[in-house]
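Below: the structure, in structure tokens.
The values are calculated or read from the model by the stated rules, or taken from the named source; none is laboratory data. Since we're looking at a predicted model, the values are computed, not measured. Don't worry about glycine lacking a Cβ; one is built from the backbone with ideal geometry, like all the others, and counts go over all protein chains shown. Heavy atoms of the whole protein, side chains included, go into the accessibility calculation; ligands, DNA and RNA do not. Shrake-Rupley method; radii C 1.70, N 1.55, O 1.52, S 1.80 Å.
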Amino acid sequence: MSSIDPKTARFETRAIHAGQSPNPENGALMTPVYFNSTFAQPAPGEPLLGYEYSRTTNPTRTALEENLASLEGADWGLCFASGMAAIDTLMSLANPGDHIVAGIDLYGGTYRLFTKFFQRYGVKFTFVDTTDLAATEAALNEAGSTLKYLYIETPSNPMLGITDIEACARLAHAAGTHLVVDNTFASPFLQSPLAMGADLVLHSCTKYLAGHSDAVAGAIVGNDPALREEIAFYQNTCGGQLGPMSAFLVMRGTKTLALRMERHSENAMAIAKFLESRDEVDKVIYPGLESHPAHALATKQMRSYGGMISFELKSGVPGGKAFSMATQVFTLAESLGGVESLVEVPPIMTHASIPAAERQAAGMADGLVRLSVGVEHIDDLLADVERGLIAAAAAK
Ligand SMILES: *Cc1c(COP(=O)(O)O)cnc(C)c1O
């Protein structure tokens, strides 16, 4: 019902218009928040426009689903109460004995869901460094015929590893399985996994898509109608769907996604370069730096390098604590992707649930600090990072 072509209009135009058009009855420009559990039917079993009950479908959610599908170049999208509800839905399609090959450097909550719940239900997991294609291929071959998904995050969290999406799609398809990409860190503006061969794309819309730290939401998008049916059936059965108010907030966020991602990327590049020049810092991990081991691959598969930076302080955990408490513009908080800059210390915050030995195997140093660079003025951000570094050095 949108007046633009959701497949061919440019990204910035789709972000503002796809799935949304003025109400033909009253001209309202914005999609209303449809606070409805149920919908009147003109005759039994003949709902108007298909809407019966909001666990199944709701017009505000439909508008966001069409918008996100358009942004990812997908045929369909489904929205969930959170990123984790979306991931839980995908995992719930697995049977006991099925095997999932997943990246080693995953969002902490995803790792927790896999190992504390689905492993208990008899789903098998192999965690592998998916930036290493030979190791990924070996893990897929070993899993054999019970393979359910190859599940990757790129850039990964918090080590910002870059996995080759096109190559992984080839490997997954050769092994007879689906490639799932958690595209939260890049956002659809920076990276289009479906165009590179992925089968399903996941989002925590809580992050860049909503973009203002005011909503929790998740999404799955894809092209295969059979997968859509399976996922929607589970969503309607279990009820992990997104409410209309949050759907509205995410939709407001996506309108400015392109503008925000450009500024996030620009600010992050300047901060990464500044950190690299400083003595207090051992190592800066940012895909936009030439020192990043997969800089060339990031340049090939991403439009720009995003707003996330991880770096290692020489002064370890005490340094990380001091840095995160000294900054005044960067707020000490979990999460990421909002307009405001955030700082967190993964080993004692977001990734504390991962055993120390596994954190070290994934290359996560004790002095690791993660920045979600916002869209404030770069001069204020640079001065704030310097303030943090001085405090970190004093904590040594
Ligand atoms: C935040 C996040 C999730 C989980 O999403 P929620 O909306 O918090 O449930 C999943 N994957 C990645 C990469 C994330 O950053």
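Quick notes on this one:
- Using C-alpha pairs below 8 Å separated by at least 6 residues, the relative contact order for the chain is 16 percent.
- Where Cα atoms sit under 20 Å apart: lysine pairs in the chain separated by 8 or more or lying on different chains: 12
- Radius 12 Å from Cβ of Pro96, net charge of other residues (Lys, Arg +1; Asp, Glu -1): +2
- Fraction of accessible area attributable to carbon and sulfur, segment 317-396 (%, probe 1.4 Å): 58 percent
- FRET efficiency, Leu49 to Ala352 (Cβ-Cβ, R0 41 Å, nearest 0.05): 0.30
- Residue with peak Gaussian network fluctuation, the chain [Cα springs, cutoff 10 Å], from Pro44, Pro32, Pro355: Pro44
- Surface share of carbon and sulfur [accessible, 1.4 angstrom probe, percent] for segment 1-129: 56 percent
- Solvent exposure ordering (accessible area, 1.4 Å, most first) of Met30, Met269, Met91: Met30, Met269, Met91
- The chain - Kirkwood radius from inverse mean 1/r over Cα pairs (Å): 21.6 Å
- The slack between Phe233 and Ala394, meaning 0.36 nm per residue of separation minus the straight C-alpha distance, is 52.4 nm.
- In degrees, nearest ten, helix 133-143 long axis to first principal axis of the chain (Cα): 50 degrees
- Ala258 sits among other residues whose Cβ lies under 11 Å from its own Cβ, and their net charge, with Lys and Arg +1 and Asp and Glu -1, is +4.
- C-alpha long axis of helix 165-174 to longest principal axis of the chain, angle in °: 60 degrees
- Each of Thr299 and Leu133 was given a label point 7 Å from its Cα along the Cα-to-Cβ line. The distance between the two points is 1.8 nm.
- Cα-based helix-to-principal-axis angle, 59-71 vs the chain, degrees rounded to 10: 60 degrees
- Taken per residue, the accessible surface of the chain reaches 41 Å², heavy atoms only and a 1.4 Å probe.
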